[in-house]
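K.L.:
Supplied in structure tokens, the structure appears directly below.
The values are calculated or read from the model by the stated rules, or taken from the named source; none is laboratory data. Only a predicted model underlies this, so the values are computations on that prediction, with no experimental measurement involved. Here the Cβ positions follow ideal geometry from the backbone for every residue, glycine too, while neighbour counts run over all protein chains shown.
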Amino acid sequence: MHIAIVGAGAAAVGLLDALAGSVEGAGEVTVLEPSPHLWRGRPYGPDLDSVLVNAPPAIMSIRRADSGHYASWLGAERAAAHLDDLLGQPLVPRALYGAYLADTAEAAVTGLCARGWRVRVVPARVVAVTGAGLRPELLTEDGHHHPADQVVLCVGGGTPQDHYGLGGAPGFVGDPYPLAHTLDQVPAGSDVAVIGSGLTAVDVVVSLAARGHGGRIALVSRSGLLPHVWQRPLGHRPRHVTVERVEALHRAHGCVTLDDLAGLLRAELAEEGEDFADFAAELMGAASEEPVRRLRRQLAAAGDPRIGRRVLQETAHTVGPYAWRLLPESDRDRLRRHFRLATSVASPMVPVNAAVLLRLFDSGQLTVAAGVRKIEAVDGGFRVRGDSGDLHADVVVNAVNPPPQAVPRAAEPLVTSLLAGGLAALHPAGGLVPADPRLHVVGDLAGGGPFITSGIPGVAARAARTAQEVLATRVG
Ligand SMILES: Cc1cc2nc3c(=O)[nH]c(=O)nc-3n(C[C@H](O)[C@H](O)[C@H](O)COP(=O)(O)OP(=O)(O)OC[C@H]3O[C@@H](n4cnc5c(N)ncnc54)[C@H](O)[C@@H]3O)c2cc1C
């Protein structure tokens, strides 16, 4: 069997790790990736130390069956060196997490080779996969052909879209990563407008602060909604909001609804003496509460002993991707209508970053401007037009998150070839659905996947399942 893996980010690492734990007999794996930063993907390459992972170690393990895998790799000494006091957990620079991914991948390659498998890395971008009916063949940018029996796309998600047509304007940063390079273009005293108010915007602000930026910074977006703040983990293990309970509901009723999932959360909270209605009202209040006031309250509540938000934040990534596929379309639409709120809850910022933001808000250096309608390049700078008037900026940094299931730019020709050859189809809600049993998709491009961007737990779970599916074709 010859498995081709397109892309070498976290999804590919999860897949290789799962394959190494399961393969039998002989076989071959070819990984195709143009980036020199193998196994790190878009988020975890070299960057500033202020660019941190966004989640505690228990939900950063790339090995699905072992939630302690990453924490063991990190070890006590490194964990202590990167402790976030408010979270009570280590939060490392994303580049260091990239070293964990690289070590895990290398161990998997060694394991596969020890079992008689051959593993090869081809440093090239895949521009086409052909072969409906025949053996699939991958075409790389340099004109080489690579035959395979099974093809797994691990190409990641999209890059920020240029909603205001500012591409090419001097002072416009279209894609902020790696911040180590892009922030070099930002003069220390300049007024900066950051488009967006999600986690990428938080990374930009925190990194500007770490570089001693002296100018004003404005977060400009339509909603002005900031990510929630992680709370200190309490070691609570959900007993109701679990994949097993969702599976049981599905078996019993043939479907799972949003009300069923709310019922599981209600039961989880009731066991701890917490009221579901109060919890839901607090969440829904996010859209109307003044963002800095909410940030201050949330930071103060990092140690609040109530479990509600912790359960929701963890299970959004562990149970959510599984449950999403079982929901009726009408319930998915209900959730999609709350996309911004759901993203701000499911992808919270780490307290150490929240504290930096609060300090900048309190000093007046940072502001949030919601209701932004237009941004124009004018007189060597930018005019931001919003509900509360105009704002001037010298530099605009685009920190808009791409929608989930967006096709990454680097994979556009490849996706076009798959659609043209009938090997895959577009899902109506975005993303790609394989139309051939020899093609698989892991990560945000997977059509029918959750409406929020996948975190590591979702990617790891899908990678482990895909490894089983790929190996099962060999038995069949
Ligand atoms: C900036 C950022 C920060 C994040 N931080 C966190 C976090 O702290 N915690 C968390 O749980 N999740 C985080 N996420 C979510 C993230 O989606 C996952 O953690 C994870 O990186 C997804 O892995 P992936 O392999 O699917 O995609 P990626 O890591 O993006 O890897 C995709 C790879 O595919 C390659 N590729 C693309 N097209 C081709 C092609 N045509 N041919 C060959 N190779 C190709 C790319 O070069 C890239 O290396 C973050 C996401 C972003 C964007």
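K.L.:
Please find, among 88, 98, 41, the residue that is on the phi > 0 side of the Ramachandran plot, buried (at least 16 other Cβ atoms within 10 Å of the Cβ) and in contact (Cβ under 8 Å) with a residue 40 or more places away in the chain. If you could, list the steps in order and put the result at the bottom.
P.N.:
Values: 88 fails: buried (at least 16 other Cβ atoms within 10 Å of the Cβ); 98 fails: on the phi > 0 side of the Ramachandran plot.
When all the criteria are applied, what remains is 41.
K.L.:
Just for segment 299-345: of the residues that are part of a loop (DSSP other than H, G, I, E, B) and either outside the structural domain of residue 257 (by TED's automatic domain parsing) or aliphatic (A, V, I, L, M) (or both), which one is surrounded by the most Cβ atoms within 10 Å (Cβ to Cβ)?
P.N.:
It comes out as 319.
K.L.:
Can you tell me how many residues in segment 437-458 are within 7 Å of the ligand (Cβ to nearest atom) and assigned to a loop (DSSP other than H, G, I, E, B)?
P.N.:
Count: 6.
K.L.:
Looking at segment 189-212 only, could you name the residues that are part of a loop (DSSP other than H, G, I, E, B) and either without any contact (Cβ under 8 Å) to a residue 24 or more places away in the chain or surrounded by fewer than 22 Cβ atoms within 10 Å (Cβ to Cβ) (or both)? Break it down stepwise before answering.
P.N.:
Pass one, segment 189-212, residues part of a loop (DSSP other than H, G, I, E, B): 189-191, 196-198, 211-212.
Once the filter is applied, which keeps residues that are part of a loop (DSSP other than H, G, I, E, B) and either without any contact (Cβ under 8 Å) to a residue 24 or more places away in the chain or surrounded by fewer than 22 Cβ atoms within 10 Å (Cβ to Cβ) (or both), segment 189-212 yields 189, 190, 191, 211, 212.
K.L.:
Which of the following residues is touching a residue at least 40 places away in the same chain (Cβ under 8 Å) and out of contact with any strand residue (DSSP E or B) (no Cβ under 6 Å at 6 or more places or on another chain): 319, 378, 352?
P.N.:
Of 319, 378, 352, the one residue that is touching a residue at least 40 places away in the same chain (Cβ under 8 Å) and out of contact with any strand residue (DSSP E or B) (no Cβ under 6 Å at 6 or more places or on another chain) is 319.
K.L.:
Separate question: For segment 11-47, how many residues meet the condition of being within 21 Å of the chain's Cα centre (by Cα) and within 22 Å of residue 455 (Cβ to Cβ)?
P.N.:
21
K.L.:
Step by step: first the residues of segment 1-28, then only those that are near the ligand (Cβ under 7 Å from one of its atoms) and not in a helix (DSSP H, G or I), then the one that is surrounded by the most Cβ atoms within 10 Å (Cβ to Cβ). Which residue is that? Outline the logic, then answer.
P.N.:
Within segment 1-28, the first condition is being near the ligand (Cβ under 7 Å from one of its atoms), and the residues that meet it are 6-12.
With not in a helix (DSSP H, G or I) added as a condition, the list becomes 6-9.
Working: 6: 25, 7: 29, 8: 26, 9: 27.
Across segment 1-28, the extreme among qualifying residues is 7.
K.L.:
Only strands (runs of 3 or more DSSP E) wholly contained in segment 377-417 count here; list those with 1 or more residues that are among the polar types (S, T, N, Q). Step through it out loud before you land on a result.
P.N.:
On the way: elements: 381-386, 389-393, 395-398.
Strands (runs of 3 or more DSSP E) meeting the threshold: 395-398.
K.L.:
If you don't mind, there's one more thing I want to ask. Mind counting the residues in segment 141-158 that are within 14 Å of the ligand (Cβ to nearest atom) and surrounded by fewer than 19 Cβ atoms within 10 Å (Cβ to Cβ)?
P.N.:
Narrowing segment 141-158 to residues within 14 Å of the ligand (Cβ to nearest atom): 141-142, 144, 146, 148, 151-158.
Now restrict to residues that are surrounded by fewer than 19 Cβ atoms within 10 Å (Cβ to Cβ): 141-142, 144.
The qualifying residues number 3.
K.L.:
To continue, here is another question. Examine segment 93-105 for a residue that is closer than 30 Å to residue 346 by Cα and either more than 13 Å from the ligand (Cβ to nearest atom) or at pLDDT below 95 (or both), and state whether such a residue exists. First the steps, then the outcome.
P.N.:
Start the filter on segment 93-105 by keeping residues that are closer than 30 Å to residue 346 by Cα, which leaves 93-105.
Imposing the further condition that a residue be either more than 13 Å from the ligand (Cβ to nearest atom) or at pLDDT below 95 (or both) reduces the set to 99, 103.
Looking through segment 93-105, at least one residue is closer than 30 Å to residue 346 by Cα and either more than 13 Å from the ligand (Cβ to nearest atom) or at pLDDT below 95 (or both).
K.L.:
Let me ask something additional. Just one of 51, 31 is within 13 Å of the ligand (Cβ to nearest atom), among the β-branched types (Val, Ile, Thr), in contact (Cβ under 8 Å) with a residue 40 or more places away in the chain and farther than 19 Å from residue 109 by Cβ; which is it? Reasoning before the result, please.
P.N.:
Values: 31 fails: farther than 19 Å from residue 109 by Cβ.
The match here is 51.
K.L.:
From the list 248, 262, 218, 270, which residue is outside any loop (DSSP other than H, G, I, E, B), in contact with a strand residue (DSSP E or B) (Cβ under 7 Å, 6 or more places away or on another chain) and of a type outside the set (S, T, N, Q)? So that I can check it myself, show each step before the final result.
P.N.:
Values: 248 fails: in contact with a strand residue (DSSP E or B) (Cβ under 7 Å, 6 or more places away or on another chain); 262 fails: in contact with a strand residue (DSSP E or B) (Cβ under 7 Å, 6 or more places away or on another chain); 270 fails: in contact with a strand residue (DSSP E or B) (Cβ under 7 Å, 6 or more places away or on another chain).
Answer to the selection: 218.
K.L.:
Continuing with the same structure: Picking from 453, 416, which residue would you name as being in the same structural domain as residue 67 (by TED's automatic domain parsing), at pLDDT below 95, of a type in the set (Val, Ile, Thr) and more than 26 Å from residue 1 (Cβ to Cβ)? Quick ask: steps written out before the conclusion?
P.N.:
On the way: 416 fails: at pLDDT below 95.
Matching residue, one of 453, 416: 453.
K.L.:
Right, another one. Inside segment 414-465, can you point out the residues that are closer than 27 Å to residue 63 by Cα and among the polar types (S, T, N, Q)?
P.N.:
453, 454
K.L.:
Examine segment 61-75 for a residue that is within 17 Å of the chain's Cα centre (by Cα), of a type in the set (A, V, I, L, M) and outside any helix (DSSP H, G or I), and state whether such a residue exists.
P.N.:
So far as segment 61-75 goes, yes, one or more of its residues are within 17 Å of the chain's Cα centre (by Cα), of a type in the set (A, V, I, L, M) and outside any helix (DSSP H, G or I).
K.L.:
Consider segment 162-202. How many of its residues are over 16 Å from the mean Cα position of the chain (by Cα), within 16 Å of the ligand (Cβ to nearest atom) and of a type in the set (S, T, N, Q)?
P.N.:
1
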